[in-house]
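Here, each number is a calculation from the coordinates, and none is a lab measurement. Nothing here was measured: the structure is a model prediction, and the numbers come from that model. Cβ placement follows ideal geometry from the backbone for every residue including glycine, while neighbour counts extend to all protein chains displayed.
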Amino acid sequence: MQKEEVPNLLKKYLAGNCSEQERGMLETWYLKYEEAGFPELSQEKKDGQLEEIWAFLADKIDLPAAEDTEAVYHITPLWPKITAAAAMVLITLGIGFYFYNSPDKVSSVPNGKISHTTQTSKNKAMLTLADGRTIALDEASNGEIAKQAGVTITKTKDGLLVYEGRAKESAFNNIATPKGGQYQISLPDGTKVWLNAASSLNYPAAFTGDKRAVRLLGEAYFEVAKNKEMPFVVYTKGQEIEVLGTHFNVNAYEDEGQTKTTLLEGSVKVKLAKSAATALLKPGQQAVFEYDHLDVSAIDVAEVVAWKEGCFLFQDEDIRSIMRKVARWYDVDVAYEPHISSKKIGGRISRNKSLKVVLKTLSGTDKFNFKVEGRRVTVMP
């Protein structure tokens, strides 16, 4: 799209005639404008601030590849509606629809695959070794951090935890992330695991026997190293997931009430511990375990793994579901006043934004307000 086309598209927006994609583009631009802290401008004041606004936006913007244009805005925006004054500013600036190069970007997911870029700004985790030793990984220096039963444990300059060597005996370790933290680990077999906030993984220093078994609490994304002779098994509360080599995400937070297994590549078998229910997933499918029932459906995997890409991505979620994610990432307690709207909303925002920005964005739906007192966030009508 050319700059000259912007005024007509903004007129379409204000008339309510934009497509969902066009509306998402414009509202994302407005969100960036609003975050800059610039007030809505009157005709008299705009001339003195246009250069300042342009300098801010230009510093944040990169031209996208042409093929990305159709894929970026494919969800229902939750951002505030663009006002006539803000539209006037954008028209005057002649801003084209350039998607800025930031952690907010959401790419298309062809054939259930995504890029594997991970935000590392909050790499925090505690490693507990089999002998009881504990290591705060975010405080540990790069290089060798421990030896265990013939295995050397190393922290790379990128913050990745790596196991090297062959264990002389079975020893189980545990890695746990706090609220507001995440971490990546390469297991002894080469399997890569990304842990989301408030999660833990129990695993051996070496895999022996006829399977590679780990136990998960919380949420993790797995890229399993292939080994046909030794299937990889993830145990969560009430279920097990068996794979030979694949990419998948497991959400097993206790406060969610459901365990969700989402497949991006390969195949996995999900089995329930207390029933004969099983499901063989194909890429793009999700198994939901709740009350001894297992349901399988096709979903948009981008929403599921957005956390790994450094984003919150909400698609038709109620405020309680959204705030559980917010609470885990920002380490806050959430309370609700009576008569909170049950409206489901959608949108995307970087997890690198401050809590204040996230709450301001949510309040822009005109359905929710927030009061922050220390670590306590109260949701109000």
Report task. Based on alpha-carbon positions alone, could you give the equivalent ellipsoid semi-axes of the stretch 310-380 from the gyration tensor, as √(5λ), descending, whole Å? Result -> 16, 16, 10
**Report entry** Sparse-neighbour loop sites [trypsin sites (Lys or Arg not before Pro); the stretch 325-368; at most 13 other C-beta within 10 Å; DSSP]
**Finding:** 343
Query raised in the report: About its Cα centre, what dipole magnitude does the stretch 310-380 give when the only charges are +1 on Lys and Arg Cβ and -1 on Asp and Glu Cβ, stated in debye to the nearest 20?
Result: 200 debye
Requested in this report: Just grab the label-to-label distance for residue 373 and residue 354, each label 7 Å out from Cα along the Cβ direction, in nm (one decimal).
Outcome: 2.2 nm
**Report entry** chymotrypsin sites (Phe, Trp or Tyr not before Pro) within the stretch 279-381: DSSP coil, no more than 12 neighbouring Cβ in 10 Å
**Finding:** 291
Requested in this report: Could you list the square roots of 5 times each eigenvalue of the Cα gyration tensor of the stretch 126-303, that is, the equivalent ellipsoid semi-axes, sorted largest first and rounded to whole Å?
Outcome: 28, 18, 15
Report summary line: Expressed in angstrom, Rg and Dmax over the Cα atoms of the stretch 252-370 are 16.1, 46
Query - Among the listed pairs 192/325; 192/228; 179/282; 157/360; 237/282; 192/237, those beyond 25 Å (Cα-Cα) - result: 179/282; 157/360
Query raised in the report: Once label points are set 7 Å from the Cα along Cα→Cβ at both residue 158 and residue 363, what is their separation, rounded to one decimal in nm?
Result: 3.9 nm
**Report entry** Distance (nanometres) between label positions extended 7 Å along Cα→Cβ at residue 291 and residue 235
**Finding:** 2.7 nm
Requested in this report: Count charges around residue 303 for me, please; just the other residues with Cβ under 12 Å from its Cβ, Lys/Arg as +1, Asp/Glu as -1.
Outcome: 0
Report summary line: Scoring only Lys, Arg, Asp and Glu (+1, +1, -1, -1) among other residues with Cβ under 11 Å from the Cβ of residue 213 yields 0
Query - Theoretical gain in end-to-end length, residue 144 to residue 171 [0.36 nm per residue, Cα-Cα removed] - result: 7.9 nm
